[in-house]
Amino acid sequence: MEVEATRRWLDQRLTGRAIVELDLVDRRLWKCGDPELAGRRVLGVRRRAKWLWLQLDQGGLAVHLRMTGRFASQPDGKLRATLSTEDGHVHFLDTRCFAEWHHVDALEQVLGRLGPEPWPGVQPAAWWQERMHGLRGAIKPAFMKQDRIAGLGNIAAIELCWLAELDPTTRVPSVGAATWTRVGEACHDHLTRALADALRDGMRYLNDGGGDHDNPFYVYRREGQPCPRCSGLIERFVQAGRGTFWCPGCQV
DNA sequence: ATTCGTGTTTCAAA
DNA sequence: GTTTGAAACACGAA
């Protein structure tokens with residue numbers, strides 16, 4: 001998970017430092033609170049779902065990267081803000097400018113209804129059954145319901161269906177215990193691997209003209225390519241408004 | 001030139 | 001409860 005990788009990156013550079021200046025290049029980032037951060041000290045960096053929380057000595061900064069937000073040591077993109085400390089700069093880049101920064105007393109003020117975190121543990125079948133209880137629609141969009149399970153997005157939902165050999169259109173009530181167990185393992189596998197990839201390479205697979213040659217996923221954005229498991233062809237269709245990639249050969 | 005699709009998530013409407 | 005579309009916005013690809 002890129003957000004967890006970002007959390008560690010920020011923690012290394014900001015925790016224990018005092019903020020010297022916030023240069024808010026694009027005001028649209030700023031959703032609420034006082035943007036005057038000079039003199040505040042960063043006590044720690046935490047994550048909840050895809051929110052980052054920079055705990056300050058007075059309140060904190062809640063940051064959501066949305067689609068294209070990212071932190072970097074060099075301003076090599078659409079620069080929206082720069083956070084300066086005594087010993088360095090942290091730049092915030094965001095092509096589409098959907099990201100949100102909130103200066104509030106507590107992170108809970110900006111969180112919607114969020115279910116529990118599925119990671120870093122391996123959640124057992126009973127956990128998934130409880131989280132999905134009452135849903136009757138397709139499993140893949142259900143994985144993305146933040147009020148049921150926090151932090152799974154489109155890629156995770158796609159990849160974990162593939163890992164669990166599960167047809168993304170399967171109705172939630174017809175998923176059996178053995179499959180839920182596979183889902184739990186698949187979810188842990190995917191998120192752990194996504195974090196390792198992000199720690200190593202960042203989001204290089206979709207950045208600066210590289211095309212898809214660095215795509216680290218099994219089926220995401222691989223329409224027309226052979227399935228790594230059964231060599232069937234990966235297909236794409238739209239489900240609940242989002243692109244869904246899957247292998248009709250081995251996902252049942 | 002124009003349209004389409006995109007890593008997120010919430011919301012309203014049907 | 002479910003499903004869809006729209007909303008933030010920018011840009012590369014078709």
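The values are calculated or read from the model by the stated rules, or taken from the named source; none is laboratory data. Predicted model, so just to flag it, every value in this text is computed and none were measured. Please note: Cβ atoms are built from the backbone with ideal geometry, for glycine as well, and neighbour counts cover all protein chains shown.
Here are the numbers for the structure shown:
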item: The range A:224-244 residues that are in the same structural domain as A:Asp167 (by TED's automatic domain parsing), paired with ones that are acidic (Asp, Glu) (beta carbon under 7 Å, 6 or more apart); result: A:Ile234/A:Glu223; A:Glu235/A:Glu223; A:Arg236/A:Glu223
item: Selection status of A:Val20, more than 23 Å from A:Arg200 (Cβ to Cβ) and not in a strand (DSSP E or B); result: no
item: Selection count, the range A:137-169, where residues are of a type outside the set (A, V, I, L, M), closer than 25 Å to A:Cys230 by Cβ and within 11 Å of DNA strand C (Cβ to nearest atom); result: 3
item: Selection status of A:Glu100, near DNA strand B (Cβ under 10 Å from one of its atoms), farther than 28 Å from A:Arg222 by Cα and not assigned by TED's automatic domain parsing to the domain that holds A:Thr181; result: yes
item: Those residues of the range A:57-71 which are farther than 13 Å from A:Trp101 by Cα and under 12 Å from the mean Cα position of the chain (by Cα), in sequence order; result: A:Met67, A:Thr68
item: Extreme residue, surrounded by the fewest Cβ atoms within 10 Å (Cβ to Cβ), among residues of the range A:9-56 that are under 25 Å from the mean Cα position of the chain (by Cα), under 17 Å from A:Thr85 (Cβ atoms) and among the charged types (D, E, K, R); result: A:Asp11
item: Answer residue from the range A:72-98, given it is in contact (Cβ under 8 Å) with a residue 60 or more places away in the chain and surrounded by 20 or more Cβ atoms within 10 Å (Cβ to Cβ) and is farthest from DNA strand C (Cβ to nearest atom) among those; result: A:Leu83
item: Counted residues, the range A:84-111 - those being aliphatic (A, V, I, L, M), part of a strand (DSSP E or B) and out of contact with any Phe, Trp or Tyr (no Cβ under 7 Å at 6 or more places or on another chain); result: 2
item: Pairs with Cβ under 9 Å, 6+ apart, first in the range A:6-17 and outside any helix (DSSP H, G or I), second aliphatic (A, V, I, L, M) and surrounded by fewer than 20 Cβ atoms within 10 Å (Cβ to Cβ); result: A:Thr15/A:Leu43; A:Gly16/A:Leu43
item: Residue in the range A:129-136 that is within 12 Å of DNA strand B (Cβ to nearest atom) and of a type in the set (S, T, N, Q) present; result: no
item: Complete set of residues in the range A:135-185 that are over 18 Å from A:Gln123 (Cα atoms) and either among the acidic types (Asp, Glu) or part of a loop (DSSP other than H, G, I, E, B) (or both); result: A:Leu135, A:Arg136, A:Gly137, A:Asp167, A:Pro168, A:Thr169, A:Thr170
item: Selection status of A:Gln146, under 21 Å from the mean Cα position of the chain (by Cα) and within 12 Å of DNA strand B (Cβ to nearest atom); result: yes
item: Selection status of A:Glu117, within 16 Å of the chain's Cα centre (by Cα) and more than 16 Å from DNA strand C (Cβ to nearest atom); result: yes
item: Residue within the range A:214-234 that is over 16 Å from A:Glu165 (Cβ atoms), of a type in the set (A, V, I, L, M) and either away from DNA strand C (no atom under 12 Å from the Cβ) or modelled with pLDDT under 95 (or both) present; result: yes
